[in-house]
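Here is the structure we will look at.
The values are calculated or read from the model by the stated rules, or taken from the named source; none is laboratory data. Because the structure is predicted, anything quoted here is derived from the model rather than measured. Note that we place each Cβ from the backbone using ideal geometry, even for glycine, and neighbour counts take in every protein chain shown. To get the accessible areas, we keep the full protein, side chains included, count just its heavy atoms, and leave off ligands, DNA and RNA. Shrake-Rupley method; radii C 1.70, N 1.55, O 1.52, S 1.80 Å.
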Amino acid sequence: LPRLVREFVAQNNTSQIKHVIQILSQEFALSQHPHSRKGGLIGLAACSIALGKDSGLYLKELIEPVLTCFNDADSRLRYYACEALYNIVKVARGSVLPHFNVLFDGLSKLAADPDPNVKSGSELLDRLLKDIVTESNQFDLVGFIPLLRERIYSNNQYARQFIISWILVLESVPDINLLDYLPEILDGLFQILGDNSKEIRKMCEVALGEFLKEIKKNPSSVKFAEMANILVIHCQAADDLIQLTAMCWMREFIQLAGRVMLPYSSGILTAVLPCLSYDDRKKNIKEVANVCNQSLMKLVIPEDDEMDEAKPSVTIPAEPSSEESLSKPESVTTGESQLVWASRAVRKPLFFPCSCERIQVTLNLDGIVQVLDYHLSDTSIGMMTRIAVLKWLYHLYIKTPRKMFRHTDSLFPILLRTLSDESDEVILKDLELLAEIASSPAGQTEEGHGPSDGSDVRPGPVELHVPARAGQLSSSSTKGLECSPSTPTMNSYFYKFMINLLKRFSSERKLLESRGAFIIRQLCLLLNAENIFHSMADILLREEDLKFASTMVHTLNTILLTSSELFQLRNQLKDLKTPESRNLFCCLYRSWCHNPVTTVSLCFLTQNYKHAYDLIQKFGDLEVTVDFLTEVDKLVQLIECPIFTYLRLQLLDVKNNPYLIKALYGLLMLLPQSSAFELLSHRLQCVPNPELMQTTDNTKPSTGFKRTAASNIDYTELLQHFEKVQNKHLEARHQRAGRAEQLDRRVVL
């Protein structure tokens, strides 16, 4: 046969050569008899050898029947087909490249062949084909990519190994730029990375590592946006290696592509935020995720607040559907929408501008806020994730306050619920965020409009309607209006915050007992302490739950008297020199009347000793309970604290402070024989005789602590208000006692 073919070649008898190949193909290689097929394959190989360099003219006729035999049921015949194709390719060399796709397709099937001999033969053919591709500069990469993309999703280990080996070869060829087509195969590579075979996983790691090195070298030519959502999906993989590798890629993408990644922020956060709460078993993933989170946060700039979201000037054709599906809570929980989109993204790539510097993007704040809201609402989420969410929200309110205030009404209920978190650190971050919302100039609404300013409000269980001006909550009297806080640093949400915070304390008493003081003290550091006390006192004045009002007043009074954060406010109240301090005293006093003992302590703090004495005189008309005596006991203990040092020193000036001494004796008479009684009695025994304290020079002005009563304060009216409030409390107690008695009777019956 070779001699016959050579004669035809020498005679340039093309028709006879084709006739010989046709006979070998149709009558032998494609015969129904296995031995005929084997003979036909040997004949085709011999024919190719005889043709030599001219075999390239007849490759289609030579290759097609051989490839058909690759699917033969007889493993021996498949081996002959593999051997025949090896000889054909070896002779033709570079001429086979136009037929590369069909050869690759056949080889990919043989790579998974169960017969070891066939697999061994296919490996020899595979190496030969790789050598040819490496040597040639005429490889058709564009035509090959669709086939590679299809075959890369094979689940067979040997087929996967075959695919990865080819990718590594193509990466190593300088004239082949596989990076341009990486979006087509990236998803498949990450799926192969989860293979059970350690060898395949290692090969895939190497391939991905080489791609990442190339990306770092040539970031300007990388299509980052096309691969962003693919990484988002694999950053949520259950396999640790896939997740860590995808997260490392995401870190590099954010750092290299910069703001090109912003349209995918919601998806990235969906993947990254849960990783921040991983334990030490996934420490590496957690650390990389933290870098991703920090880098992404830095991409948000103040200019994002100025761009109009309705008319984005984006040159990136990022699919809105992908961003929306990733940002919706439903897709966050299931991940199905993301996976569907990922498959589309791989099969229908989008081509983006190469230069990242020329791309202008618009921040999709709605999607980001949805993701953050979802993670903050999820009670199963870890502490570090919740802290990261609060940091993100705080950052967004700092960088894009105008746009963020459109979402404030929907975020407000969950931020208030977060105050009940078990972690102090979470509560601190939550308070920082709420303080920023309450003090940001962007949250200031015009007079006559509510703080939502037309936004959709989602009513929550702790949501209250907020008047346009704080003063509307005050009574119709002039004095009540003077008590309402109005500070330019506070916006419409400040009063809303105070109302809802007190509402939460009222509905969740454990929160008030365990964290109430901590929350209020931190707020006094973050915001203006005077405004906080002023507004809370104003709100409590209208509180219908009198028992809660009394408890809350006691808590606020304890904070006022003992917290270092309130040092400046205490000094302001000591002298009542300014109109503002006198207005504050009046406002506090009216609410403090819910608790008689705290009212006396406020008078001690403000040095209104005569009024304190008048109040104590009224205590004889009150119902003296164990709780009442306990509070008197605590007040005596407070008098011995450093805060009331000035008060104890004023006991030296008996002549100018008679009502102070009378007030203290009044407290002493209220107390039973107890340790507090002995403590106060011993203190009063130390009060000097006024005659012994007289100075010889009466012409000199007194150096005592006498202070004239603060002007513009109607103490008679305040005393009447105290009696009125206490009567309400007495009536409420009688009603509660009556209901309890009725309940006892029902139980007996």
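A Förster distance of 56 Å, applied to the separation of the beta-carbon atoms of ARG739 and LYS282, puts the FRET efficiency at 0.50. Return the carbon/sulfur percentage of the accessible area of segment 1-139, one whole number, probe 1.4 Å, all protein chains in place. Heavy-atom surface of segment 1-139 belonging to carbon and sulfur, 1.4 Å probe: 48 percent.
For HIS395 and LYS202, the FRET efficiency from 1/(1 + (r/R0)^6), where r spans their Cβ atoms and R0 equals 30 Å, is about 0.15.
Beyond 24 Å between alpha-carbons counts as too far, so tell me which of LYS18/LYS109; LYS577/LYS728; LYS496/LYS547 fall in that bin.
LYS18/LYS109; LYS577/LYS728
Between MET383 and GLU422, the contour length at 0.36 nm per residue exceeds the alpha carbon distance by 13.1 nm. Within the accessible area of segment 365-443, the carbon and sulfur atoms contribute 49%, probe 1.4 Å, all protein chains present. For LYS223, a cut-off of 16 angstrom between C-alpha atoms picks up these lysines, skipping any fewer than 8 places away in its own chain: LYS213, LYS348.
Stretched out straight at 0.36 nm per residue, the stretch from ILE301 to ALA238 would grow longer than its current Cα-Cα span by 19.3 nm.
Past 31 Å, Cα to Cα, is the threshold; run LYS282/LYS403; LYS90/LYS216; LYS286/LYS429 against it and keep the listed order.
Long pairs (Cα-Cα over 31 Å): LYS282/LYS403; LYS90/LYS216.
If R0 is 30 Å, the Cβ-Cβ spacing of ILE661 and THR716 corresponds to a FRET efficiency of close to 0.85. With all protein chains kept in place, the per residue accessible area of segment 1-139 amounts to 49 square angstrom at a probe of 1.4 angstrom. Annotation: per residue accessible area for segment 365-443 equals 32 Å², rounded to a whole number [probe 1.4 Å, protein chains only]. Between SER514 and LEU212, residue separation times 0.36 nm minus the direct Cα-Cα distance comes to 103.6 nm. Surface composition of segment 147-296: carbon and sulfur atoms hold 45% of the protein heavy-atom accessible area at a 1.4 Å probe. Modelled spin labels at MET669 and ASN137, positioned 7 Å past Cα toward Cβ, are 11.3 nm from each other. Gap in Å between the Cα centre of segment 578-629 and the Cα centre of segment 260-283? When both Cα centres are located, 54 Å separates them.
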